[in-house]
Each structure stands twice: as structure tokens, then as C-alpha cells.
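Report on one structure; see the data block that follows.
Laboratory data are not the source of any read-out in this text; all were calculated from the coordinates shown. The structure presented is a predicted model; accordingly, all values stated were derived computationally and were not measured. No Cβ is skipped: glycine too gets one built from the backbone with ideal geometry, and neighbour counts run over all protein chains shown.
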Amino acid sequence: MLKLAAVVLLALPLALLGAVFATGLAVVDVLEGGPEGHHIIVPVPLLAVQLGLAFVPAEKTRLDLRRHGGVEVAEQLDIAREVLEALAEAPDGELVRVEEPGEQVLISKAGELLEIRVHDGNEDVSVNLPIEAVLEVLPRHDGSFDAMEVVGVLRGMRHTELVDVRNGDDHVRVSIW
């Protein structure tokens, strides 16, 4: 009987942990000031975010870009969608390169990712955007943008390092697991 109780007590946290990992985890990893600085890792279960958003009134989780930007926003959204759809079908390669002394911006397509790399002095920024995910969260023609949809898309972006920023000894990474 004691073994059964121990198994149940151990199984519950493991099942909960398995559910969190199965439904996605956003990890924010901040290293401040090099090896002697603070190192903070914040795992954010996406299921918990989605559950939390369920208790927020819908008007607070939805942004209507037409109200904030007018008709031009809807037109720009259509253009952005067309460009992203064309990029999704395009072959891999370098799309944009801008170089100046000590500065470089490189935007390329690699597989399903739009990769943005910026080097500016001692600062390096790397952003990886899954094109299909951006298309999913890009506001529709009606100009609406929903936070719940964004979390749902993040849950589908497993094993993606979204952002990596290095500035001297400081380093910030945001990834989805």
C-alpha cells in the first residue's frame, strides 16, 4: 500500500511536468554582465498563458488595428501577407544585405525560417521567424489581432530559438520548447 501511495505521489508531478512540456514552453534566458553577473532563466508554460488568457475579457485580448491605424493598415496587411506567401514558396537564399563600417544587416530565408541578423558594434541580434507562423498571426483583412491566436501559434513552434541578443557581456535568448 505504501509503494502504491509513493508511486501515485511521484506520478502526479511527473505527469504535470510532461503535460507542460507536451504543450510547449517559452524560455527566457537572461545572462547579465558575463560570468560574474546574474543568470535568470524564466520558463513560461504556454498552456498556463493560454489558460490565463481564457479568463481575460475578449475585448482585452483582441487588438483592432483598423481603429488604431485606419484603412492604410488593412492595405499594408494585405501586402505583407502577399510578400510572406511569396517568401514561403521562394527558394532559400539571401534577401537583403546592408553593410556599413561596423554595422551589418542580413535578412535571408532558410527553409521555413526568415532569418534576421544584425551586427552593430558590440551588439548582435538574431531573430528567427517561422514564415507560416507569422502568416497565422498576421492580422486578417479585418485588421484584428488576437493574443490567444499568438499563444496557439507559439505552441506549434517547438524547438525554435526566436531571439538571441548579445550586447557586450549581456546575453538574452527567447526560445520555444
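Here are the numbers:
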quantity: Surrounding net charge for Glu103, when Lys and Arg each add one and Asp and Glu each subtract one, Cβ distance under 12 Å; calculated: -3
quantity: Full-stretch length increase - Val105, Asp92 - with 0.36 nm per residue and alpha-carbon distance subtracted; calculated: 3.0 nm
quantity: Three-way shape label, the stretch 31-133, alpha-carbon gyration tensor, a/c 1.5; calculated: oblate
